[in-house]
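All of the numbers you see were taken from the coordinates with simple rules; none came from a lab. Since we're looking at a predicted model, the values are computed, not measured. Every residue, glycine among them, receives a Cβ derived from its backbone with ideal geometry; neighbour counts consider all protein chains shown.
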Amino acid sequence: MKQIIEYVKKYLVTGLFCIGALFLLLLFTTQFQPLLQNLGRVEALSADLADDEAAFAALQQTTSTQLEEKIQIASLALPSEKDATLIYSLITTVAAKHAINIESFSIDVGEVLIGSDVVDDPYSELVVSVDFVSPSQVNTIQFISNLYSALPISEVASIREIEGQGSLTLTFFYSNPIDGSRPVNITPDDEALLVELSGWTRP
Amino acid sequence: MSLDVNLSIEQEKKEPISRVLIASVIFAVVATGAYFAVTFYNFLLGSQINSLEEQIDDVAVRKEQFLTSQDSFAVLGVKMGSIAEILDTRAPVDTRLSQVFSQLPDGVSAVRMDAQADSTRMSLVSESLSSLNTFLDVDLAEISSADPTIEKIDVLSFGRTEEGNGYVAVVLITYVVS
């Protein structure tokens, strides 16, 4: 009997140790998923921090000439006022490239702001209507494609063409006075966009 | 002599149990150590994550202070935000028209097109019924599968031209507008 109790004790103790060890192993494995997640997050955050610091350093090192050039491109893409001459010049320049004959051109000036009127939106729209004659639909599509990679930025609201006679409604944009409460940021994506915009057609 | 032999057998029987016990103890100690080591390392990583997030926030604050302290940067920053938003949201009417017209087979031409942000409507004519049919059956399906923004394509009408020398189909492509 004593021998049996002795055996049971030993097996029980050994069994308990085995179960305990397996339980600890299980606990250990549960820590792996958060460990991998944390390692990935540290890597991503470190990369973000390095990018942010590099971008900030680049901004601080921007010379006044570089800054002026950037503002010039951004202002051409998004003028600070309704500039009918600029828009007309762009449309006729692009149209001439694709043998499109502009027959009429009109601008819906929209609301006129007075003095200290505050606008919530950072930019407003200006609708331009154009009647044109096109030698072919290929020319018309090239005309539209070229307008989409030209400054100032525009968007086709509608285009209709019937046997060479077309009418096009374009939306142009202009920026409103800067509201001081708006957060300001210039990201590496913005820098890349500026480089892209600098290669676009200009009037 | 016989007693010695019995003792020896008893010792051999005990040995496997002891080995399992020792092995499980070692295993438990190692597993415990590893668990605490990994937990501690996770804790350190958590602290490192917090520190990195604070540093990123700090750079963002310093950057914004720098940008807002200089009017030129503020103008550029606001304009770039607007430009990016406009470009992201403008309807790609140019690429949609290019895509559709590049698929027109020889002998099929569009006599009328009417495109807006949410739709493109075309009147297509051809002297060849099979060319027009190929476009409607095959090419329109390819156009649809290539552009996930297409919601549906309807062939609104199909028939002979007024002159009777060809066929005309009116197609309406509707796009998903976000």
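Using the Kyte-Doolittle scale, which helices in chain B average at least -1.0 and also have C-alpha atoms spread 15 Å or more along the helix axis, with helices defined as whole DSSP H runs?
Numbers: long enough: B:2-69 (101 Å, 0.33); B:71-89 (27 Å, 0.83).
Qualifying helices: B:2-69, B:71-89.
Within region B:45-66, list the residues whose amide N lies under 20 Å from a label point set 7 Å along Cα→Cβ of A:Gln60.
B:52-66
If neighbour count is taken as other Cβ atoms inside 10 Å, put A:Val94, B:Val177 in order from fewest to most. Write down the numbers at each step before the final one.
Working: A:Val94 23, B:Val177 11.
Least to most surrounded, the residues fall as B:Val177, A:Val94.
Given a Förster distance of 35 angstrom, what is the FRET efficiency for B:Ser178 paired with B:Phe36, based on the Cβ-Cβ distance and rounded to 0.05? Walk me through the numbers on the way to the answer.
Details: r = 50 Å, r/R0 = 1.44.
Calculated value: 0.10.
Rounded, prolate or oblate for chain A? Axes are the square roots of the Cα gyration tensor eigenvalues, ordered a ≥ b ≥ c, and the cut-off for rounded is a/c under 1.5.
Working: a/c = 3.88, a/b = 2.77, b/c = 1.40.
Cα axes put chain A in the prolate bin.
Need one word for the protein assembly as shown: rounded, prolate or oblate. Basis is the Cα gyration tensor (sqrt eigenvalues a ≥ b ≥ c); a/c below 1.5 gives rounded, then a/b vs b/c decides.
Judged from the Cα gyration tensor, the protein assembly as shown comes out oblate (a/c at least 1.5, b/c at or above a/b).
Just to verify a number: FRET efficiency for B:Leu44 and A:Val109, C-beta to C-beta distance, R0 = 41 Å, to 0.05?
Details: r = 63 Å, r/R0 = 1.53.
Result of the calculation: an efficiency of 0.05.
Any chance you could give the angle, 0 to 90 degrees and rounded to 10, that helix A:188-198 forms with the longest Cα principal axis of chain A?
Once rounded, the angle reads 20 degrees.
Explain nothing, just the number: dipole magnitude of region B:121-161 about its Cα centre with +1 on each Lys and Arg Cβ and -1 on each Asp and Glu Cβ, in debye rounded to the nearest 20. List each step's numbers first, then the result.
Working: 3 positive and 7 negative charges, 41 e Å.
For this selection, approximately 200 debye.
For labels at B:Ala117 and A:Glu68 in the simple 7 Å Cα→Cβ model, what's the distance in nm?
Placing both labels 7 Å along Cα→Cβ, they lie 3.8 nm apart.
Multiplying the sequence separation of B:Arg19 and B:Val170 by 0.36 nm and subtracting their Cα-Cα distance, what value in nm do you get?
Computed gain between B:Arg19 and B:Val170 is 45.8 nm.
Just how far, in whole angstrom, is region B:108-133 from region B:12-89 if you go by their alpha carbon centroids?
Using only Cα atoms to place each centre, the spacing works out to 56 Å.
Loop-only check: which GluC sites (Glu not before Pro) in region A:140-203 are DSSP coil with at most 15 other Cβ within 10 angstrom? Spell out each step's value before the answer.
On the way: sites: A:Glu155, A:Glu161, A:Glu163, A:Glu191, A:Glu196; in loops: A:Glu163.
Here the sparse-neighbourhood loop sites are A:Glu163.
List the residues, sorted by chain then number, that are 5 or more residues from B:Ile150 or on another chain and whose placed amide H is less than 5 Å from its amide H.
Answer set, sorted by chain and number: B:Val176.
Report the label-to-label distance for B:Gln70 and B:Val29 in nanometres (one decimal), using points 7 Å from each Cα along the Cα→Cβ vector.
6.4 nm
Return the loop-located GluC sites (Glu not before Pro) in region A:46-92 (DSSP other than H, G, I, E, B) with at most 13 other Cβ atoms within 10 Å of their own Cβ; answer none if there are none.
Working: sites: A:Glu53, A:Glu68, A:Glu69, A:Glu81; in loops: A:Glu81.
Passing sites in region A:46-92 are A:Glu81.
In nm, to one decimal, how far is the A:Ile4 label point from the B:Arg160 one, both placed 7 Å along Cα→Cβ?
Spacing of the two 7 Å Cα→Cβ label points: 10.7 nm.
For helix A:137-147, report the angle its Cα long axis makes with the longest principal axis of the Cα atoms of chain A; keep it between 0 and 90° and round to the nearest 10°.
So the inclination is approximately 70 degrees.
With +1 on each Lys and Arg Cβ and -1 on each Asp and Glu Cβ, how big is the dipole of region A:1-137 about its Cα centre, in debye rounded to the nearest 20?
Values: 7 positive and 18 negative charges, 350 e Å.
In debye, rounded to 20, region A:1-137 gives about 1680.
Please compute, for peptide A:151-164, the average count of beta-carbon atoms on other protein chains lying within 10 Å of each residue's beta-carbon. If you can, show how the numbers build up before the last one.
Working: counts 1, 0, 5, 2, 9, 10, 5, 6, 8, 6, 7, 6, 4, 1.
For peptide A:151-164, the averaged partner shielding equals 5.
Tell me, how many Å apart are the Cα centres for region A:126-164 and for region A:8-57?
59 Å
Hey, got the dipole for chain B? About the Cα centre, +1 on K and R Cβ, -1 on D and E Cβ, debye to the nearest 20?
360 debye
Return the calculated 222 nm mean residue ellipticity for chain A, to the nearest 500 deg cm²/dmol, obtained by summing -39500 (n - 2.57) across DSSP H runs with n ≥ 4 and dividing by the residue count.
-18000 deg cm²/dmol
Give the residue from B:Gly107, B:Thr134, B:Met80 lying farthest towards the positive end of the charge dipole for region B:20-154; charges sit on Cβ (+1 for Lys and Arg, -1 for Asp and Glu) and the dipole is referred to the Cα centre.
Checking the options against the dipole of region B:20-154, the answer is B:Met80.
Which of rounded, prolate, oblate describes region B:56-178, given a ≥ b ≥ c as roots of the alpha-carbon gyration tensor eigenvalues and a/c under 1.5 marking rounded, otherwise prolate only if a/b is larger than b/c? Each step should come with its number before you reach the end.
Numbers: a/c = 4.52, a/b = 3.58, b/c = 1.26.
Taking the square roots of the gyration eigenvalues as a ≥ b ≥ c, region B:56-178 is prolate.
How far is helix A:64-77 tilted off the main Cα axis of chain A, in degrees rounded to 10, range 0 to 90?
70 degrees
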